[in-house]
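Inspection log for the structure reproduced underneath, given as structure tokens.
The values are calculated or read from the model by the stated rules, or taken from the named source; none is laboratory data. Everything numeric in this text was worked out from a predicted model, so none of it was measured. We place every Cβ from the backbone using ideal geometry, glycine too, and count neighbours over all the protein chains shown. Just so you know, the surface numbers come from the protein's heavy atoms only, side chains and all, with ligands and any DNA or RNA stripped out. Shrake-Rupley method; radii C 1.70, N 1.55, O 1.52, S 1.80 Å.
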Amino acid sequence: MVKWTEEERRIIRGVWEKVDINEVGAQLWARALIVYPWIERYFGNFGDIFTTTAILNNPKLAALGKVVLSALDTAVENMDNFKGIYASLSRQHYENIKVDPDNFRLLAECITITIACKLKAELSPQVQATWQKFLSAVVEAMNSQYK
Amino acid sequence: MSLTAQDKGTVKAFWAKVVNKAEDIGADALSRMLVVYPQTKTYFAHWKDLNPGSAPVKKHGATVMGGVADAVAKIDDLTTGLLNLSELHAFTFRVDPANFKVLSYNIFVALAIMFPRDFTPEVHVAMDKFLAAVALALSAKYR
């Protein structure tokens, strides 16, 4: 289990409270699908996901973005139980959706860069380090049922 | 994942927008890398100060971005164009090539912060392909 100092918890909350789930939810897919287009393999029935404009206007992706960020919100509120929160999601992504877990790492990078555009210099090197420690722990929890 | 003519055009156009801030981008990217990926500090044990924004970090950030500028100019043949740098990285620096990706990522974070409207997904993917090609050219002589 990952250990968090009070300072780290404060930093993560500080970043998270600046994230607009609707705004970031759409933008993160634009970055992920354009920069890593092989991710399209998981979105066969999502319609047009091939240009930034189409992605930003795609209601299915907007909805999924909210789902992903709501799961992150749960993590922010439950910093000491990621394995517990993500166990069934991990199993679902492995057994049903069959997602290559490397994509969790790529999506985490896209989330950080999207947040960087918003927070700008507030995402100092130390804040970035703490935020990425948080996302790495989430990614690890999402990997946990791949066995 | 080779560079298309469109990629090259995107990279050149974006570089023209950011070139005046290249030193700041380099300093910020390097500062971030050393803090967020502390294992990279092992290459800089000879520096007096590894903290964000220190003199050696700023100086080296400028050096790295000078290399990137050179690569933009030689984008049509990176392997030939970056030959000297490639030999330097292979025989002198011997940087584990996994670190090229780490630095590239931190360059993207710096770009997102300093140019949030210009660092669009389309620019991001072209720059990612470009820096990957640069990394490949830099590690060409490794073995």
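Scanning the range A:80-89 for any residue that is open to solvent by 70 Å² or more (accessible area, probe 1.4 Å), at pLDDT 95 or above and of a type in the set (K, R) turns up nothing. Could you list, in sequence order, the residues of the range A:118-141 that are in contact (Cβ under 8 Å) with a residue 40 or more places away in the chain, within 7 Å of chain B (Cβ to nearest Cβ) and crowded, with 21+ Cβ neighbours inside 10 Å? Once the filter is applied, which keeps residues that are in contact (Cβ under 8 Å) with a residue 40 or more places away in the chain, within 7 Å of chain B (Cβ to nearest Cβ) and crowded, with 21+ Cβ neighbours inside 10 Å, the range A:118-141 yields only A:L123. All told, A:S88 falls short of being without any contact (Cβ under 8 Å) to a residue 60 or more places away in the chain, touching a helix residue (DSSP H, G or I) at 6+ places or on another chain (Cβ under 9 Å) and of a type in the set (S, T, N, Q). Quick one: B:Q6 ticks every box in (1) open to solvent by 80 Å² or more (accessible area, probe 1.4 Å); (2) among the polar types (S, T, N, Q); (3) without any contact (Cβ under 8 Å) to a residue 12 or more places away in the chain except a single one, so which number is it? Condition not satisfied by B:Q6: (3).
Restricting attention to the range A:15-43, the residues that are small (G, A, S) and modelled with pLDDT of 95 or more total 2. When you scan the range A:99-116, do you find a residue that is among the charged types (D, E, K, R), in a helix (DSSP H, G or I) and more than 14 Å from every other protein chain (Cβ to nearest Cβ), even just one? No, because not a single residue in the range A:99-116 is among the charged types (D, E, K, R), in a helix (DSSP H, G or I) and more than 14 Å from every other protein chain (Cβ to nearest Cβ).
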